[in-house]
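Have a look at the structure below before the remarks.
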Amino acid sequence: MESRTVVNLPNAISLGRLILAPAMIVLAWHQQGNLFRAAFTAAVISDLLDGVLARILNQRTELGAKLDSWADMATYLSLFFGTCMLWPRFIDAHLDLILGGFVVYTAAFSFGYLKYGRLTSYHTLSGKLSAVLMAGSMIIWFFGGPEWLFRTALVVVMANGAEQIAITLILPGWRSNVPSIWHALRKGSGRCLYTN
């Protein structure tokens, strides 16, 4: 059963991450690469923390799911724009997959918004995997690691976007926390495998 309390620690952490996103842009604008890296790393750690705490403290809320999705979107948009300002050659080298990921992800959220009148908050397993790979690959690259990890993460991001589009096609009404397309298909057969 989900907590009815709106003001709780996991939601506060997600809100903090949402506020951190524009700060990342300001840091990039002022060419503060090290602080930008630190802010992104803090955002990633807080993203892991809010979900774990929500489950442990039994404080999962619809608002929390939305805040988490908004903060994810803001964090990764800030990562993109900040990286454009700080390391434009990195963006140029991977522009093909970056644009592909952007188009698929934007299509997934736009389709969900058009169908339900609000952003989706599925928090799929593939979405969690893509977030971990994207965050991990960027942090590794920040410290001199290989770029192919980033390209791999972008392929997973596109696969996740395609899965979210499929889930939106399947589900007649808005739902949060749908782990996979399989869960959405099972919901259609009358067996509920997830909760709002």
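Coordinate-derived values only; no laboratory data. Everything numeric here is computed off the predicted structure, so don't read it as measured data. All Cβ positions, glycine included, derive from the backbone under ideal geometry; neighbour counts span all protein chains shown.
Below, the figures for the structure above:
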| read-out | value |
| --- | --- |
| Sorted peptide list for 51-59, 19-27, criterion being average Cβ within 10 angstrom, highest first | 19-27, 51-59 |
| Sequence-separation-based contact order of the chain, relative, with Cα cut under 8 Å and 6+ spacing, percent | 21 percent |
| Built amide H within the under 5 Å cut-off of Thr120, gap 5+ | Tyr113 |
| Relative contact order (percent, whole number), region 88-196, Cα cutoff 8 Å, 6+ residue spacing | 31 percent |
| Selected from Phe90, Phe40, Phe81 as most flexible by GNM, with the chain as the system and alpha-carbon contacts under 10 Å | Phe90 |
| Ordering of 28-38, 120-130, 173-183 by burial proxy (mean other Cβ atoms within 10 Å per residue, highest first) | 120-130, 173-183, 28-38 |
| Residue with peak Gaussian network fluctuation, the chain [Cα springs, cutoff 10 Å], from Asp47, Asp96, Asp68 | Asp96 |
| Principal-axis tilt of helix 95-116 within the chain, Cα atoms, nearest 10 degrees | 30 degrees |
| Folded to 0 to 90 degrees: helix 9-29 orientation relative to the chain principal axis, Cα | 30 degrees |
| For the chain, calculated [θ]222 nm from helices alone, where every DSSP H run of n ≥ 4 adds -39500 (n - 2.57) | -25500 deg cm²/dmol |
